[in-house]
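The structure appears below as structure tokens.
The values are calculated or read from the model by the stated rules, or taken from the named source; none is laboratory data. Since the model is a prediction, treat every value here as computed from it, not as a measurement. Because the Cβ atoms are built from the backbone with ideal geometry, glycine has one as well, and the counts that use them run over all protein chains shown.
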Amino acid sequence: MSDYPELMHTALDATDVRGLAEFYRELLGAEYRPGDETPEDGEDWLVLVDEHGRRVLAFQRVPVLDRPTWPSHDVPKQMHLDFRVPTAGELERHRRRAEELGATLLYDRTDDKGEPLYVLADPAGHPFCLLVG
């Protein structure tokens, strides 16, 4: 028995559940939870797992989703994900990969020697960071 609850995954809202799950599956090298691999009409919920079967992210269908306007706060981001890479070279490689998968660059802070990073938006508009750490 644990003294604390265990985080299962982070769930992201999306109007296109499969599309957003595919973006993160490709970006992170994740897999679908058994049973979620085959697209179905009206999908409401999908889960991605890592190579050990641990839940990483989940996606829940919503009928309408206002795209965050970060860095403006007109429509707040509400949350974001941070992904660490080991080197500046890997940072550039993963930024290009994310953009090829449909991400949009929102902010470039690669001139910060202490913690270079990019803020990108996934295809649904959720901001996420790629950083050297």
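The table that follows gives values for the structure above.
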{"quantity": "Condition check for R93: within 20 Å of D16 (Cβ to Cβ) and either basic (K, R) or touching a residue at least 40 places away in the same chain (Cβ under 8 Å) (or both)", "calculated": "no"}
{"quantity": "Residue match in the range 58-67 (condition: surrounded by 12 or more Cβ atoms within 10 Å (Cβ to Cβ), under 24 Å from V132 (Cα atoms) and of a type in the set (A, V, I, L, M, F, W, C))", "calculated": "no"}
{"quantity": "Residues of the range 70-87 that turn out to be under 13 Å from Y107 (Cβ atoms) and among the hydroxyl-bearing types (S, T, Y), as a count", "calculated": "1"}
{"quantity": "Failed criterion for M79 (all others in (1) under 15 Å from G125 (Cα atoms); (2) at pLDDT 90 or above; (3) of a type in the set (A, V, I, L, M, F, W, C) hold)", "calculated": "(2)"}
{"quantity": "Residue check for D41: part of a loop (DSSP other than H, G, I, E, B) and in contact with a strand residue (DSSP E or B) (Cβ under 8 Å, 6 or more places away or on another chain)", "calculated": "no"}
{"quantity": "Given (1) in a loop (DSSP other than H, G, I, E, B); (2) among the aliphatic types (A, V, I, L, M); (3) out of contact with any Lys or Arg (no Cβ under 9 Å at 6 or more places or on another chain), index of the condition V75 fails", "calculated": "(3)"}
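Condition check ((1) among the basic types (K, R); (2) at pLDDT 95 or above; (3) assigned by TED's automatic domain parsing to the domain that holds A98; (4) crowded, with 19+ Cβ neighbours inside 10 Å) across all residues:
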{"position": "L20", "(1), (2), (3), (4)": "no, yes, no, yes"}
{"position": "Y24", "(1), (2), (3), (4)": "no, yes, no, yes"}
{"position": "L28", "(1), (2), (3), (4)": "no, yes, no, no"}
{"position": "G35", "(1), (2), (3), (4)": "no, no, no, no"}
{"position": "P39", "(1), (2), (3), (4)": "no, no, no, no"}
{"position": "E43", "(1), (2), (3), (4)": "no, no, no, no"}
{"position": "L46", "(1), (2), (3), (4)": "no, yes, no, yes"}
{"position": "E51", "(1), (2), (3), (4)": "no, yes, no, no"}
